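> Can you keep this structure in mind? I'll have questions shortly.
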Amino acid sequence: MPELPGRKVGIVACSGEELAEGTVTRLAALKVLEQLRPRETVTICLPLFLAGGEGDRAFARFYPTIALDGCEKRCAARATEQFSGKPAASVVVNDLVGEAGLARPEGARRLDESGRQAVVVTADRVAGLVDELLGGQWNRRSGSFAEGAPATTTDPPPQAGCACGSAIPVQTVDVNGQAVPLAALPLIFEQFHGAGKAPGAEVTKELLETVKIYNDVAAGTDAELTAALAREYAAFCRQKGA
Amino acid sequence: MSGEERKVVVVPCSGIGKTYGTVSREAAYEVVEDARPGSTGLVALSLLVLGDEDARAAVRAHPAVTIDGCKLACAAKMVQESGGHVTQGIAVLDVYRRNRELKPQGIAELNEGGQRLAHAVAAEITAVVDDILAEQEGSTHA
């Protein structure tokens, strides 16, 4: 049964090609993804927030996301917030380099020794943040943690990797005559159906709450959306039963 | 990229999860640092995503060669969205199809096949840059 990807942390690196610090973000992100926290992390290319689809833009609403930037322009943090969702944490390489007393990294193409040390320092900081984020209950809608709330799920994360080409699935539904794209709806339907939840008022209410986790639902549209979800889920279940 | 002395901008994709993204990046560096340092310049894709005015101005003012590591073609799309003109879009996968012996592996660090593939991509871009410059030269003297 497909599972909602609730137990991973997203990493979005600026990858800035012009600066050595951009290369540091890229290599630090890869170090976390491949070596330090391969089972707990996933990434996406920053430009996909614009060049990709609705599923790509849902990335930071699904995953508590760490934005990793090389310089004070903070392209990754700002673009993630603008086009996807508020990052859970933000790291700027320049700041870490200063804190660690390292020389400014040089060599965007081939990092110098200071740059290589900056990769280690940055990756360690990001790995620590990953642990913190997985230890808390991330509220995707508010972009903050529920205070004191423990993590609640334990699904084993699959192989770490890039989210490119495996965007969050989106289903467009008719809500009171308007075509509304809803991120994760196919997965939510699969999950509910797999759990043996038959269409009905209580299940529809639960569906609505789950859909709201991953989507910004316009205020005052609960009734219309509820009707649409009831209709779509019934159709989904009929199709599954056929 | 800053000055007017540059004549062609090179915009590689930021592909971070796949080896073709790294090939794209390495090829771009080879062109702007080794092959045609005086006449080309890099524009970071992240700046275009954020709408940085200097980056947008650079792709509007100069012919752009984009390098993309996957079919989503983020580099080409972002240049177009920024008001620039993609004079030539290079797809790493296409270059690989023409050079099947150069199988790239690794993301943080490319294997030898990846490095050679990056070199092949860079060679194609360099030829494109030369064509663009020759055309500019021709129109200047016409």
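The values are calculated or read from the model by the stated rules, or taken from the named source; none is laboratory data. Because the structure is a prediction, the values reported are computed rather than measured. Note that each Cβ is placed from the backbone with ideal geometry, even for glycine, and that neighbours are counted across all protein chains shown.
> In contact with a strand residue (DSSP E or B) (Cβ under 9 Å, 6 or more places away or on another chain) and of a type in the set (A, V, I, L, M) - does that describe any residue in the range A:43-57?
From the range A:43-57, those in contact with a strand residue (DSSP E or B) (Cβ under 9 Å, 6 or more places away or on another chain) are A:43-46, A:49, A:53-55, A:57; that's our starting set.
Filter once more, keeping what is of a type in the set (A, V, I, L, M): A:44, A:46.
Within the range A:43-57 (the criterion being in contact with a strand residue (DSSP E or B) (Cβ under 9 Å, 6 or more places away or on another chain) and of a type in the set (A, V, I, L, M)), the answer is yes, since at least one residue qualifies.
> Looking only at the range A:54-82, which residues are outside any helix (DSSP H, G or I) and more than 12 Å from chain B (Cβ to nearest Cβ)? Reasoning before the result, please.
Initial filter on the range A:54-82 (outside any helix (DSSP H, G or I)): A:58, A:63-74.
Hits for the range A:54-82 are A:Ala58, A:Tyr63, A:Pro64, A:Thr65, A:Ile66, A:Glu72.
> Could I ask something else about it? Here are the criteria: (1) buried (at least 17 other Cβ atoms within 10 Å of the Cβ); (2) touching a Phe, Trp or Tyr at 6+ places or on another chain (Cβ under 8 Å); (3) farther than 14 Å from A:Lys8 by Cα. Tell me which single one A:Ala118 does not satisfy.
Among (1) buried (at least 17 other Cβ atoms within 10 Å of the Cβ); (2) touching a Phe, Trp or Tyr at 6+ places or on another chain (Cβ under 8 Å); (3) farther than 14 Å from A:Lys8 by Cα, A:Ala118 violates only (2).
> Okay, next question. Of the numbered conditions (1) touching a helix residue (DSSP H, G or I) at 6+ places or on another chain (Cβ under 8 Å); (2) in a helix (DSSP H, G or I), B:Pro104 satisfies every one except a single condition; which is it?
All conditions are met except number (2).
> Failed condition for A:Thr43, given (1) within 13 Å of A:Val126 (Cβ to Cβ); (2) of a type outside the set (A, V, I, L, M, F, W, C); (3) more than 7 Å from chain B (Cβ to nearest Cβ), with all others met?
(3)
> Within the range A:138-147, can one find any residue that is surrounded by fewer than 16 Cβ atoms within 10 Å (Cβ to Cβ), modelled with pLDDT of 95 or more and either not assigned by TED's automatic domain parsing to the domain that holds A:Leu19 or not in a loop (DSSP other than H, G, I, E, B) (or both)?
First, the residues of the range A:138-147 that are surrounded by fewer than 16 Cβ atoms within 10 Å (Cβ to Cβ): A:139, A:141-142, A:144, A:146-147.
Subset that is modelled with pLDDT of 95 or more: none.
Scanning the range A:138-147 turns up no residue that is surrounded by fewer than 16 Cβ atoms within 10 Å (Cβ to Cβ), modelled with pLDDT of 95 or more and either not assigned by TED's automatic domain parsing to the domain that holds A:Leu19 or not in a loop (DSSP other than H, G, I, E, B) (or both).
> Name every residue in the range A:91-118 that is outside any helix (DSSP H, G or I) and within 14 Å of chain B (Cβ to nearest Cβ), in order of residue number.
Answer for the range A:91-118, where residues must be outside any helix (DSSP H, G or I) and within 14 Å of chain B (Cβ to nearest Cβ): A:Val92, A:Glu106, A:Gly107, A:Ala108, A:Arg109, A:Arg110, A:Leu111.
> Please state which one of B:Lys7, B:Lys77, B:Lys18 is over 18 Å from A:Ser15 (Cβ atoms) and of a type in the set (Lys, Arg). If you could, list the steps in order and put the result at the bottom.
On the way: B:Lys77 fails: over 18 Å from A:Ser15 (Cβ atoms); B:Lys18 fails: over 18 Å from A:Ser15 (Cβ atoms).
Residue meeting the stated conditions: B:Lys7.
> Would you confirm, using the coordinates I've provided, whether A:Pro38 is modelled with pLDDT under 90, more than 14 Å from the chain's Cα centre (by Cα), more than 8 Å from chain B (Cβ to nearest Cβ) and not in a strand (DSSP E or B)?
Details: modelled with pLDDT under 90: no; more than 14 Å from the chain's Cα centre (by Cα): yes; more than 8 Å from chain B (Cβ to nearest Cβ): yes; not in a strand (DSSP E or B): yes.
In short, no.
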